[in-house]
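Notes follow the structure.
The values are calculated or read from the model by the stated rules, or taken from the named source; none is laboratory data. Treat the numbers as computed from the prediction; the structure is a model and nothing was measured. FYI the Cβ positions are ideal-geometry reconstructions off the backbone, even for glycines, and counts take in every protein chain you see.
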Amino acid sequence: MIEFKSVSKVYRGQRALADLSFLLDRGEMAFLTGHSGAGKSTLLKLIMLIERPSAGEVLIDGKTLTKVRGSNIARLRRNIGFVYQSHHLLSDRNVFENVALPLMVAGFHHRDIARRVRAALDKVGLLSKEKQSPATLSGGEQQRVGIARAVVNKPPILLADEPTGNLDPQLSAEIMQLLHDFNNAGVTLLIATHDLALIAKMPHRSLILRQGQLIGGTHLSDNVASERAAPVDLSGHL
Amino acid sequence: MRDTPLKQGATSPALSWRDQLRVWRDSHRLFAKQSFDRLWEKPLATLVTLTMLAIAIALPTLLHLGVKNVSSWVSYSDSGLEMTAYLHMPTSQVQANTDFNSEGQALALRVAQLSGVKQVEFISAQDALLRLEVIAGAGSIDIIDSLPANPLPAAIRVVVGQGPELASTANALAQKIEALPEVESVRFNLEWFQKAQAIVQLVLRINLAASVLLGMGVVLVIGNTVRVSIASRREEILVAKLVGATNAYARRPFLYLGVWLGATGAAMALIISFACMYALTYYMKPLEAAYSTNISIQHLSANTALVIFLASASLGWVGSWVICSNQISKLEPE
């Protein structure tokens, strides 16, 4: 579903990602780890076309992103849900309107919008708070609104950048479980996080980044090995 | 690897073209309404902007009205040089009332065939008297009524079309008309017409230049307002782009903002112009009384008002588009 082929990214002479190759299968869930500055966010931005690779190519569903331009970038983003650490909710709109944004942008009919938004809010357990302003919600609830917005369009791919970064361990576990549920429903999921304790509890592959290079979990066959080796590896690198 | 098939639905709605059109229309309606509502979130700033726009639009409008009125007061018509052919007085009252008028009409039609004539109008002696009454005002009616017979001759008003050789055309035409047996004399004032024409042309050119400059002012004021609005809604634009908004979608509320500013500014300008003309009518009354005459005030025609309104709304769109096309596409998530 998501494939990186020898991708490098250079920022002002500084190498953020170096010759990165990996393949994430359709319906797979994987973690992207590494200490801050290792290139996790850069990698996600390349998938969202917020950034372009300096070399190599990124493929989604077998199609290269190199030639995607203009309004096709917007269309690509409609197929990818994105959950942020700082959730990026709009404070002048209520919960419903925030979650409805991807549908309005994609040109859904308002009847469908109401139905889908309520379904998404129901899934994250916030149906009763649709009229509230995001500012009146707790951090965990805000993050769940962010997740509802990311999945409301039923995208086949969901990316998350430190989705539990600001939350306590219990809320983090809840958010991870929620994301895991979407994966069970068939969504391909890539979660950037440095919450190693949380990763250790979940049976998924980890892509480990270190100074812009992948040092584990690049292939599906590494799965078992990296899971076994992960705690040891990570403690060494982080 | 997971074998379960994807349950995800289409990420773009599968709608019929009719529904798509409806969604598109609804979304435009929503944007138009939201943009309009947003104008009044900061009423003072909006009012200042709108007043600036209204003044910029009202100035050329008032100048246009000024030219139109002064032209009408001095009976200057842009359509061409006016010439009056006075007919011989009828020999008897009976003749004046019946065949004479139809003969005059027929004569007017013949005159219309002459080269250089753009327009003719037969004015019967009775019409001429009525017009005199209107111009001279109510006080004159008694005097006119006391006359034993209508002292005015019937006439044919001839408009000579504009052309490079106006002087020679007019002179040749006057000779031809004067040669007609029914015509007593032909009067026209070429020199006056040419002077008036030169002045009117000059004022119109000045107004055109002022309109262009003030139109640019309108575009800049609206562009700047849109720029400030984009800056204050940066976060919203970025989030919308992250969830798949195209530049066109992100631009839409700001294009509406520009159109609203232009249209509302024009509406205010039209109200100002109307108020000015109304005030002028009011202050003209003592003047009319003193000179015991009727001065008709030429108001803005509905067509001109519509043109001003649509042109301003278009300028608003242009001003907004220039800024949007530059700023919105630059605003990309990082």
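Could you give me the residue pairs with C-beta distances under 9 Å whose first residue belongs to the range B:312-334 and is in contact (Cβ under 8 Å) with a residue 60 or more places away in the chain and within 12 Å of chain A (Cβ to nearest Cβ), whose second residue is surrounded by fewer than 20 Cβ atoms within 10 Å (Cβ to Cβ) and part of a loop (DSSP other than H, G, I, E, B) wherever it lies, and which are 6+ apart or on separate chains?
B:Glu332/A:Ile50; B:Pro333/A:Ile50
Can you say whether A:Asp233 is modelled with pLDDT of 80 or more and not in a strand (DSSP E or B), as far as the supplied structure shows?
Working: modelled with pLDDT of 80 or more: no; not in a strand (DSSP E or B): yes.
So A:Asp233 does not fit the description; no.
Look at the range B:269-296 and say how many of its residues are loosely packed, with under 15 Cβ neighbours inside 10 Å and β-branched (Val, Ile, Thr).
Within the range B:269-296, residues that are loosely packed, with under 15 Cβ neighbours inside 10 Å and β-branched (Val, Ile, Thr) number 3.
Considering A:Ile47, A:Ile73, A:Ile60, which residue is in contact with a Leu (Cβ under 9 Å, 6 or more places away or on another chain), within 14 Å of chain B (Cβ to nearest Cβ) and surrounded by 21 or more Cβ atoms within 10 Å (Cβ to Cβ)?
Numbers: A:Ile73 fails: surrounded by 21 or more Cβ atoms within 10 Å (Cβ to Cβ); A:Ile60 fails: surrounded by 21 or more Cβ atoms within 10 Å (Cβ to Cβ).
Exactly one of A:Ile47, A:Ile73, A:Ile60 is in contact with a Leu (Cβ under 9 Å, 6 or more places away or on another chain), within 14 Å of chain B (Cβ to nearest Cβ) and surrounded by 21 or more Cβ atoms within 10 Å (Cβ to Cβ), namely A:Ile47.
When you scan the range B:180-235, how many residues do you find that are basic (Lys, Arg) and under 30 Å from B:Glu334 (Cα atoms)? Write out each step before concluding.
First pass over the range B:180-235, keeping only residues basic (Lys, Arg): B:187, B:195, B:205, B:227, B:233-234.
Adding the requirement that they be under 30 Å from B:Glu334 (Cα atoms) leaves B:227, B:233-234.
Here the count works out to 3.
Could you list, in sequence order, the residues of the range B:131-166 that are surrounded by 14 or more Cβ atoms within 10 Å (Cβ to Cβ) and in a helix (DSSP H, G or I)?
Across the range B:131-166, the qualifying residues are B:Leu132, B:Glu133, B:Ala136, B:Ser140, B:Ile144, B:Leu166.
Every residue in the range A:182-194 that is under 17 Å from A:Val152 (Cβ atoms) and in contact with a helix residue (DSSP H, G or I) (Cβ under 8 Å, 6 or more places away or on another chain), please.
A:Phe182, A:Val187, A:Leu189
Considering only helices (runs of 4 or more DSSP H) fully contained in the range A:88-194, which possess at least 3 residues that are closer than 25 Å to B:Arg233 by Cβ? Can you show your working first?
Numbers: elements: A:95-105, A:110-123, A:139-151, A:169-184.
Answer list for the range A:88-194: A:95-105, A:110-123, A:139-151.
For every residue, the table says whether it meets (1) in contact (Cβ under 8 Å) with a residue 40 or more places away in the chain; (2) in the same structural domain as B:Ala32 (by TED's automatic domain parsing); (3) in contact with a Phe, Trp or Tyr (Cβ under 8 Å, 6 or more places away or on another chain).
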site: B:Arg234; (1), (2), (3): yes, yes, no
site: B:Leu257; (1), (2), (3): yes, yes, no
site: B:Ala263; (1), (2), (3): yes, yes, yes
site: B:Glu288; (1), (2), (3): yes, yes, no
site: B:Ser296; (1), (2), (3): yes, yes, no
site: B:Ser301; (1), (2), (3): no, yes, no
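Kindly indicate which of B:Ile237, B:Ile177 is surrounded by 19 or more Cβ atoms within 10 Å (Cβ to Cβ) and modelled with pLDDT under 90.
Working: B:Ile237 fails: modelled with pLDDT under 90.
Testing whether each residue is surrounded by 19 or more Cβ atoms within 10 Å (Cβ to Cβ) and modelled with pLDDT under 90 leaves just B:Ile177.
Looking only at the range A:53-86, which residues are touching a residue at least 40 places away in the same chain (Cβ under 8 Å) and within 12 Å of B:Leu242 (Cα to Cα)? Walk me through how you get there before you give the answer.
Filtering the range A:53-86 for residues touching a residue at least 40 places away in the same chain (Cβ under 8 Å) gives A:53-62, A:78-86.
If the condition is that a residue be touching a residue at least 40 places away in the same chain (Cβ under 8 Å) and within 12 Å of B:Leu242 (Cα to Cα), then A:Arg78, A:Asn79, A:Ile80, A:Gly81, A:Phe82, A:Val83, A:Tyr84 are the ones that fit.
Out of curiosity, is B:Leu109 at pLDDT 85 or above and either surrounded by 18 or more Cβ atoms within 10 Å (Cβ to Cβ) or not in a helix (DSSP H, G or I) (or both)?
No.
Within the range B:56-77, is there a residue that is under 19 Å from the mean Cα position of the chain (by Cα), in contact (Cβ under 8 Å) with a residue 12 or more places away in the chain and in a loop (DSSP other than H, G, I, E, B)?
Yes, the conditions are met somewhere in the range B:56-77.
Could you tell me which numbered condition B:Ile237 fails, if it satisfies all but one of (1) in contact with a Lys or Arg (Cβ under 9 Å, 6 or more places away or on another chain); (2) within 14 Å of chain A (Cβ to nearest Cβ)?
Every listed condition holds for B:Ile237 apart from (1).
Please state which one of B:Ser79, B:Ser27, B:Ser72 is touching a Ser or Thr at 6+ places or on another chain (Cβ under 9 Å) and hydroxyl-bearing (Ser, Thr, Tyr).
On the way: B:Ser79 fails: touching a Ser or Thr at 6+ places or on another chain (Cβ under 9 Å); B:Ser27 fails: touching a Ser or Thr at 6+ places or on another chain (Cβ under 9 Å).
Every option except B:Ser72 fails the conditions.
Would you be able to say whether some residue in the range B:188-206 is touching a Pro at 6+ places or on another chain (Cβ under 8 Å) and in a helix (DSSP H, G or I)?
No, because not a single residue in the range B:188-206 is touching a Pro at 6+ places or on another chain (Cβ under 8 Å) and in a helix (DSSP H, G or I).
Yes or no: the range A:15-30 includes at least one residue that is crowded, with 23+ Cβ neighbours inside 10 Å, more than 11 Å from chain B (Cβ to nearest Cβ), under 15 Å from A:Gly216 (Cα atoms) and of a type in the set (Ser, Thr, Tyr).
Scanning the range A:15-30, I find no residue that is crowded, with 23+ Cβ neighbours inside 10 Å, more than 11 Å from chain B (Cβ to nearest Cβ), under 15 Å from A:Gly216 (Cα atoms) and of a type in the set (Ser, Thr, Tyr), so the answer is no.
Check off (1) exposed (fewer than 12 other Cβ atoms within 10 Å of the Cβ); (2) at pLDDT below 85; (3) of a type outside the set (D, E, K, R) for B:Leu202 and give me the number that stays unchecked.
For B:Leu202, the exception is condition (2).
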